[in-house]
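Contents: one structure, followed by commentary.
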Amino acid sequence: MQVSSLNEVKIYSLSAGRSLPEWLSDRKKRALQKKDVDIRRRIELIQDFEMPTVSTKIKVSRDGQYIMAVGTYKPRIRCFDTYQLSQKFERCLDSEVVTFEILSDDYSKIVFLECGRFVEFHSQHGHYYKTRIPKFGRDFSYHYPSCDLYFVGASSEVYRLNLEQGRFLNSLQTDASESNACDINPVHFLFAMGTAEGKVECWDPRTRNRVGLLDCALSSVTADTEIEGLPSVSALKFDGALNMAVGTSTGQVLLYDLRSSNPLIVKDHHYGLPIKSIQFQHQLDLIISADSRIIKMWNKDTGKIFTSMEPEYDINDVCLYPNSGMLMTANEAPKMNIYYIPVLGPAPKWCSFLDSLTEELEENPETTVYDDYKFVTKQDLENLGLAHLIGSSLLRAYMHGFFMDIRLYHKAKMMANPFAYEEYRKEKIRQKIEETRAQRVQLKKLPKVNKELALKLIEEEGEEQQVARKRKQKNLPSLLKDDRFKVMFENPDFQVDEQSEEFRLLNPLVSKISEKRKRKLKLLEELEAQEQEEEEEPEGKASDAESSESSDDEKGWVEEVRKQRKLLRQEEKVKRQERLKEDQQTSLKPQFFEIKEGEEFRSFKDSAKKQKLMKKTLGDRLKLEEKLGTLDVSDTTVGSKQATFKLKKSEQQKKQQEAEKQHRQERKTLRRSANHLKSKRGRGRPFH
C-alpha cells in the first residue's frame, strides 16, 4: 500500500503492488507470497479487480453492493460483489462499450451503448434485447418519470427510446451539429446536452421545447487560459436543483447556477486535455474533476485546490463510492485503481478495517528511505577526505550533493576530527552555564557583535513602548528577539565596518550621533566587568550621561558633512600618491605583438583612424572613397546612380603587382632582342 500526501491530505493507494497471474495454482501463489515480501504486504481489497487489457467505465449500483466495470479485450462487463469481495459474474459483448447505465438498484437492469450504434439491454440472467439507433451515439441519460432514454451523438437530433412502450418516440431537433455529453437533473428532471460548438442546450422533457442555452466556449476563455481551437463540451454533471458543472475539451471546468448565464467559477487543469469525468463531494463542498492525466479536487466556492492525484496510466473514468472516502478509476491498464482518502469520509462498511489500518499507520509512521542516509556536499566530502569516492556505489548523486550511508559518515567524521566529542562536551557545558546565568537578575547584556546597533535598537524599542503605552497600542516585536536576525548579532562576518567609505557617505552624522551610545556602551562594559568580579554595582550612572548630551541642530549637521567629505578627499589623495609611487618603482617591460600573415604594420593610429571614419556620415565616407579612387559613381540611363567599389590593395599586393609588371617588361625586351637577331641571320643567308 502506497501513501502519498499533498496539502497535508493523505491518499492511500490500495491497488499498488504486484498482481499474480490468473493461471497460477493456489499452491504456487502461496509459495510466492512466502518468498516475496511485496506480494505478502499488498492489500487485495477485491479479488481480481482488473480487466484483461483496458478498463473504460466504472460505476457503483445504488444499493452500494455491486461495482460494475466495462473494458477490453475482448469487450466485456465484470460485476464485483462487495459483500463477498470477489467477482460475481463476467459477460462478454459483441462490440466495445461507449458507456453504460444501471437502471435498477442492483445489477438486474443494465443498458449499454456500444460502438456499432447498438443499444443492448441486460437483465439479471444475462442478455435481454438489442436494438440500433440511426447515428453513432456518444452518451445517453435515463428519464425515470417517463421511462425514456435520451441518446446524443454524431447528429443534430436527440433520439428518444421509451422502455415502457418499447418503441422510439419523436426525436428532439437541436441547433448543434454534434453532441458529446448529456445529463438529467435528479430534482426537476431538466435535460441538458453539451454540443461540439461549446454550448449547452437545456430542454424540458414535458413540453419537448428548449428552455435555455449557455455559451460555455466563450465563458471558458479567460485572461489566464491559453487554448487552441474552439472548446467543445466533453463532460456534464448536475448538482442539486440549481448547480451544473461543465467540462470542456481544452481542460476547463465551469460551474454554473442555472439562473445565470455567467459561470460562478472557471477552473483550469492546465494540461489542455479533455475533461473525462466530474463528481461532487457534498460533505466538504468539493468538485472532483479528471482528465486523462490528473484527478483534481477543489473547493466549488473558492476554486482552491484541496488535493490531486496523478496515476501511472491514463484515466478513462472516475467513480466516487457514495458516502465514503473511497475513489475508483478505470485506466489504460489492466488493473483498476482504488484510492482511500480518510479526509473525504469513512471507509465503506464492507471494508471498515481500512479505518483502523490507516489510524495505525498514522500513529506509527514508517521510516523513509532517507533516514539511514546523510546528505553531503562536495565540500563536505573534501573536508572528510572522501572526495575519491565520487562516482562509486557508496555515493548516490542527488541535486547539488550526494547521499551516503550514515554509518560511513560517522566513521569518517570520527577519523577526520577525533576530538569532536571533547569539543561537543565543552560546548554543552558552556550552554548549561549560560542557562544558569540567565536565571539571575542581571543587567541588559549587549551582544558581542554590532553592540552599537543593538544599543540603538534597545533605545528605539524603549521609545516605541512609551508611545504605545500612551496610545494604548500593542508593542511591536524586537529585532534582537527575532530568530531571523539572530545571526547578525552572533556571527562576526556581519560586523558593521564604520570606517568603510559607503558607511561614512550614507551616515555622515554617525560620529556625532553615536557619542551618546558610545558613552552608554562604555558604562555597560564597565558594569559587566564589575559583575564578573562579583562587586556591587553603583546605580544612577547612565542618567548623568543621558542628561549631558545636547540635541543636534542644522549647523552641526552641515559641519559634520563637510568634515566627512574633506576626510574622504584627503584619503583619496593619499591613495593616489601611493599608487603613483608604486608605478614609478615598477620597471616596464616591452610587449610584443604578433602581426597576421599578409598584413603590414603601419602604426597604432590606424585603429583610431578607423573609429573616426566610422563616426562620419555615409555621404562624407563616399566623398573620401572617391578621392582615394576606390569608388566610381556614374549616372545610368533611367535617372538613377550606379556606384562601383574597388577593393583597396595592400602593400604586399602592390609589390607583387610591380614585380609581375617588371617581369613582363623584361620578357618583352628579351623577345624583341631575340627577334632582332633572327632577322639579321636571315638576311645573311644565300638563295639556292
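The values are calculated or read from the model by the stated rules, or taken from the named source; none is laboratory data. Nothing here was measured: the structure is a model prediction, and the numbers come from that model. Every residue, glycine as well, gets a Cβ built from its backbone with ideal geometry; the counts of neighbours run over all protein chains shown. Ligands, DNA and RNA are excluded from the accessible area calculation, which covers all protein heavy atoms including side chains. Shrake-Rupley method; radii C 1.70, N 1.55, O 1.52, S 1.80 Å.
Of everything in segment 56-84 that's of a type in the set (Lys, Arg) and under 38 Å from the mean Cα position of the chain (by Cα), which residue is nearest to ASP317 (Cα to Cα)? First the steps, then the outcome.
The first filter runs over segment 56-84 and keeps only residues of a type in the set (Lys, Arg), leaving 57, 59, 62, 74, 76, 78.
This time we only want the ones that are under 38 Å from the mean Cα position of the chain (by Cα), so: 57, 59.
Working: LYS57: 5, LYS59: 9 Å.
Out of the qualifying residues, it is LYS57.
Need the failing condition index for VAL221 against (1) within 39 Å of the chain's Cα centre (by Cα); (2) open to solvent by less than 60 Å² (accessible area, probe 1.4 Å); (3) closer than 21 Å to SER260 by Cα, just the number.
Against the list (1) within 39 Å of the chain's Cα centre (by Cα); (2) open to solvent by less than 60 Å² (accessible area, probe 1.4 Å); (3) closer than 21 Å to SER260 by Cα, VAL221 comes up short only on (2).
Could you run through segment 7-23 and say how many residues are closer than 28 Å to VAL60 by Cα, open to solvent by 70 Å² or more (accessible area, probe 1.4 Å) and either acidic (Asp, Glu) or modelled with pLDDT of 70 or more (or both)?
Within segment 7-23, residues that are closer than 28 Å to VAL60 by Cα, open to solvent by 70 Å² or more (accessible area, probe 1.4 Å) and either acidic (Asp, Glu) or modelled with pLDDT of 70 or more (or both) number 2.
Taking interchain pairs and intrachain pairs at least six residues apart, which have beta carbon atoms under 6 angstrom, with the first residue in segment 260-278 and under 18 Å from GLY194 (Cα atoms) and the second open to solvent by 60 Å² or more (accessible area, probe 1.4 Å) and in a strand (DSSP E or B)?
ILE278/LYS237
Being at pLDDT below 85 and in a helix (DSSP H, G or I) is the filter here, so list the residues in segment 412-425 that pass it. Can you show your working first?
Just the residues of segment 412-425 that are at pLDDT below 85, to begin with: 413-425.
Selection gives LYS413, MET414, MET415, ALA416, ALA420, TYR421, GLU422, GLU423, TYR424, ARG425.
Against the definition (at pLDDT below 75, among the hydroxyl-bearing types (Ser, Thr, Tyr) and part of a strand (DSSP E or B)), how does SER603 come out, yes or no?
Values: at pLDDT below 75: yes; among the hydroxyl-bearing types (Ser, Thr, Tyr): yes; part of a strand (DSSP E or B): no.
No: the conditions fail for SER603.
So which residues in segment 463-480 are exposed (fewer than 10 other Cβ atoms within 10 Å of the Cβ) and either under 41 Å from the mean Cα position of the chain (by Cα) or at pLDDT 70 or above (or both)?
LYS474, PRO477
Which of (1) closer than 30 Å to ARG562 by Cα; (2) surrounded by 10 or more Cβ atoms within 10 Å (Cβ to Cβ); (3) modelled with pLDDT under 70; (4) not hydrophobic (A, V, I, L, M, F, W, C) is the odd one out, the single condition GLU502 does not satisfy?
Every condition holds for GLU502 apart from (2).
Output the residue which, of all residues in segment 82-102 that are without any contact (Cβ under 8 Å) to a residue 40 or more places away in the chain and surrounded by fewer than 17 Cβ atoms within 10 Å (Cβ to Cβ), is farthest from ARG132 (Cα to Cα). Give the derivation first.
Start the filter on segment 82-102 by keeping residues that are without any contact (Cβ under 8 Å) to a residue 40 or more places away in the chain, which leaves 84, 88-95.
With the extra rule that they be surrounded by fewer than 17 Cβ atoms within 10 Å (Cβ to Cβ), the set shrinks to 84, 88-92, 94-95.
Values: GLN84: 36, LYS88: 29, PHE89: 26, GLU90: 24, ARG91: 20, CYS92: 19, ASP94: 13, SER95: 13 Å.
So, considering only residues that are without any contact (Cβ under 8 Å) to a residue 40 or more places away in the chain and surrounded by fewer than 17 Cβ atoms within 10 Å (Cβ to Cβ), the one farthest from ARG132 (Cα to Cα) is GLN84.
Among the residues of segment 247-256, is there at least one that is part of a loop (DSSP other than H, G, I, E, B), β-branched (Val, Ile, Thr) and surrounded by 14 or more Cβ atoms within 10 Å (Cβ to Cβ)? Don't jump to the end; show me each part of the working.
The initial filter retains those residues of segment 247-256 that are part of a loop (DSSP other than H, G, I, E, B), namely 249-251.
Next, from what is left, pick out any that are β-branched (Val, Ile, Thr): 250.
If we keep only those that are surrounded by 14 or more Cβ atoms within 10 Å (Cβ to Cβ) as well, we get 250.
Yes, the conditions are met somewhere in segment 247-256.
With the condition kept exactly as written, say whether any residue in segment 258-274 is under 23 Å from LYS59 (Cβ atoms) and either open to solvent by 20 Å² or more (accessible area, probe 1.4 Å) or of a type in the set (Ser, Thr, Tyr) (or both).
Yes, the conditions are met somewhere in segment 258-274.
Give me the pairs: first residue in segment 182-201 and outside the structural domain of SER220 (by the TED database) and over 18 Å from LEU113 (Cα atoms), second residue among the polar types (S, T, N, Q) and surrounded by 21 or more Cβ atoms within 10 Å (Cβ to Cβ), beta-carbon distance under 6 Å, and six or more apart or on different chains, which are they?
Close Cβ pairs satisfying both conditions: none exist.
Return the residues of segment 140-199 that are among the hydrophobic types (A, V, I, L, M, F, W, C), open to solvent by 30 Å² or more (accessible area, probe 1.4 Å) and either farther than 24 Å from LEU255 by Cβ or assigned to a strand (DSSP E or B) (or both); say none if nothing qualifies.
If the condition is that a residue be among the hydrophobic types (A, V, I, L, M, F, W, C), open to solvent by 30 Å² or more (accessible area, probe 1.4 Å) and either farther than 24 Å from LEU255 by Cβ or assigned to a strand (DSSP E or B) (or both), then CYS147, ALA154, LEU163, PHE168, LEU169 are the ones that fit.
Six or more apart or on different chains, Cβ atoms under 9 Å: show the pairs whose first residue is in segment 320-336 and touching a residue at least 12 places away in the same chain (Cβ under 8 Å) and at positive phi and whose second is of a type outside the set (D, E, K, R) and not in a strand (DSSP E or B).
So the pair list comes out as ASN323/GLY64; ASN323/GLN283; ASN323/GLY345; ASN323/PRO346; ASN323/PRO348.
Does THR302 qualify as being under 18 Å from LEU284 (Cβ atoms) and polar (S, T, N, Q)?
Yes: the conditions hold for THR302.
Looking only at residues in segment 330-343 that are in a loop (DSSP other than H, G, I, E, B) and open to solvent by 10 Å² or more (accessible area, probe 1.4 Å), which one is nearest to GLN2 (Cα to Cα)?
So, considering only residues that are in a loop (DSSP other than H, G, I, E, B) and open to solvent by 10 Å² or more (accessible area, probe 1.4 Å), the one nearest to GLN2 (Cα to Cα) is PRO342.
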